[in-house]
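A quick write-up on the structure given underneath.
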Amino acid sequence: MLKYKDFETLNYMRDIVKSWTEKADSPAIIDNTDFLTGRQCAAIAKAAIDVMEANGTQRGDVVAFTGSDTLAKIPVLVGMFFSGRISSALAPFASAPSRRHMLNESGAKLLFVDRATRHMAEEVMTDKYSCPIVEEESFTDLTAEIDPEELLVHADRNKAGDWNTLRYTSGSTGTPKGMLLTHRSTELMTYNYINRIGGVGLEGRFLCTMPLSSLEGCGMAQMFATSGLVPCIYRGRATPAGILSEMERYRITALFLPSSQMTAIVRDPSFEMTDLSALKSIVYAGQTISPTDLNEAIEAIGGDKLLQAYGQTEAGMLSALDQADHCSGDPEILSSAGRLFFPEDIEIRDDDGNVVPEGVSGEIFVKGDYINSARWTPERSWVSTVQPDGWMATTDMARRIGDRIWITGRKRDMVLYRGYNVPTRPIEEALQRYEGVLDAVVHPVEDSYAGEVVFAWLKLDEDATVDKEAVSDFIQANVSKWSRPSYIEFVDTLPQVSALKKTDKVSLRRWAEERLAEGRVERLKGADGVL
């Protein structure tokens, strides 16, 4: 099993070059009816490197990007990796204020956009902080070609411990927080993924269902391109029927999906009519999955084609439920998050920091040089999240027996919507600003398609009345569309945990789930438009 000590050079970069070389004159990236060859991909990556140098950026500088899914997006990001710059995505699913915060805090020296979405870059520039904007169409000649091996001179300048990504996640306070990722962790995560679906040298196609303007989408495309698979850019809304249609049209062999989307596609009426004979593997992650949903997916797709991954931005990929596990038929194994890659680097601890006995739930702690322990600060410097004893808290809860792990919850106050962390605090703060609302509490509830969606409880001012749909529209406009409540209920009193004087969200979530099960809560009409 690969560990950071097992490599000195950055093999994932060399394997990308190898893949593009093997596809020098054949499709290396496909977009609807168009494609780029390996030579064309290399030319775009080299052009991106040249533009970064021409604009005065240096190795170690942050270069941001945003925009729509274009044919050039993946090779541009590869060029950023090879160049030694630190890439940072202005996440398209975040609100404009959040993206403005990301740009300002990152200190990006350059911002790549595409022509269609230049406005997304201009709207986050301020008098306090701005940087040059470069449209990718200005330097990407889709007909230009070079030998992919010309990129190796750039790749080999990078070291395993160099930072290559500034990735913003949503903290429990609602302010996006930046984590610095290294080439080492990118390499390790890449091979942990692809080695479980056949390793390097695969033939076939990978469907990019996540936005390429996000680091999640580009990261997955980079990983599977390293294996030799051809990324196919998804067009249209990522509905179950749409994903199935593109899988059949492109003859997709590999796919990455949030767990809830995998459940949704096997339940879609078009599943039985879709030709999926080319499919060899689906990697799913991002959300827990119920035994019922997993057994349904195994029966429909086949356990030998399924791989579940568990990890974090900070900690990397920690465990996997592999194909053999999916074929075991053992309910206890299937309810787990699989086997830990590095059992000696994982501890389960209680609130006092003590390691708990096997089978007892506690917080996951990790250690190792491969974790991403550097947190970016508003002062544009970094601090370590590693504790004095060398371990890092993950805020995820689990129990462990031997080298197998079961996820039991999380300390973070988040809604895990389609694999994205949506913090509840900014939603609550916005709701409390709404006229007629005295107090508000937000928590997640499970959803068969999105994984989790927002459930909001409102305590109103005396004699006040509010329209639920209008409240939901307000949140979409002032926080983000991902934060829009799918359910809103009114309450006279919000329960508290008396000893702590904090709102009892555990009880509220239980009440919400009971009402949903009994059909006593109506889903807001506008909610379906953002799923």
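Quick notes on this one:
- Restricting region 65-102 to residues that are in a helix (DSSP H, G or I) and at pLDDT below 90, the residue that is nearest to THR182 (Cα to Cα): MET102
- Of the strands (runs of 3 or more DSSP E) contained entirely in region 112-193, those carrying at least 1 residues that are among the hydroxyl-bearing types (Ser, Thr, Tyr) and in contact (Cβ under 8 Å) with a residue 24 or more places away in the chain fall at 163-170, 176-182.
- Screening ALA42, ALA54 for residues that are at pLDDT 95 or above and surrounded by 24 or more Cβ atoms within 10 Å (Cβ to Cβ) leaves exactly one candidate, ALA42.
- Filtered by the rule that a residue be open to solvent by less than 40 Å² (accessible area, probe 1.4 Å) and polar (S, T, N, Q), region 304-331 gives GLN308, GLN312, THR313, SER319.
- Qualifying residue in region 429-444 (condition: out of contact with any Phe, Trp or Tyr (no Cβ under 8 Å at 6 or more places or on another chain), at positive phi and modelled with pLDDT under 80): no
- Verdict on GLU145 being open to solvent by 40 Å² or more (accessible area, probe 1.4 Å) and closer than 18 Å to ILE49 by Cβ: yes
- Filtered residue count, region 357-386, keeping only those that are among the basic types (Lys, Arg) and either under 11 Å from ARG400 (Cβ atoms) or touching a strand residue (DSSP E or B) at 6+ places or on another chain (Cβ under 6 Å) (or both): 1
- No other residue among SER68, SER83, SER106 is under 23 Å from the mean Cα position of the chain (by Cα), within 30 Å of ILE30 (Cα to Cα) and not basic (Lys, Arg) apart from SER68.
- Residue match in region 362-372 (condition: within 30 Å of SER335 (Cα to Cα), hydrophobic (A, V, I, L, M, F, W, C) and open to solvent by 30 Å² or more (accessible area, probe 1.4 Å)): no
- Region 353-397, residues that are part of a loop (DSSP other than H, G, I, E, B), of a type in the set (Val, Ile, Thr) and under 25 Å from THR165 (Cβ atoms): ILE371, THR377, THR385, VAL386
- Considering region 408-438, and only residues there that are aliphatic (A, V, I, L, M) and out of contact with any Ser or Thr (no Cβ under 6 Å at 6 or more places or on another chain), the residue that is most open to solvent (accessible area, probe 1.4 Å) turns out to be LEU438.
- Qualifying residue in region 148-155 (condition: β-branched (Val, Ile, Thr), within 30 Å of VAL17 (Cα to Cα) and open to solvent by 70 Å² or more (accessible area, probe 1.4 Å)): yes
- Residue check, GLU135 within 23 Å of ALA225 (Cβ to Cβ) and open to solvent by 10 Å² or more (accessible area, probe 1.4 Å): no
The values are calculated or read from the model by the stated rules, or taken from the named source; none is laboratory data. The structure displayed is predicted, hence computed values, not measured ones. Glycine gets a Cβ as well: all are built from the backbone with ideal geometry, and neighbour counts include every protein chain shown. Heavy atoms of the whole protein, side chains included, go into the accessibility calculation; ligands, DNA and RNA do not. Shrake-Rupley method; radii C 1.70, N 1.55, O 1.52, S 1.80 Å.
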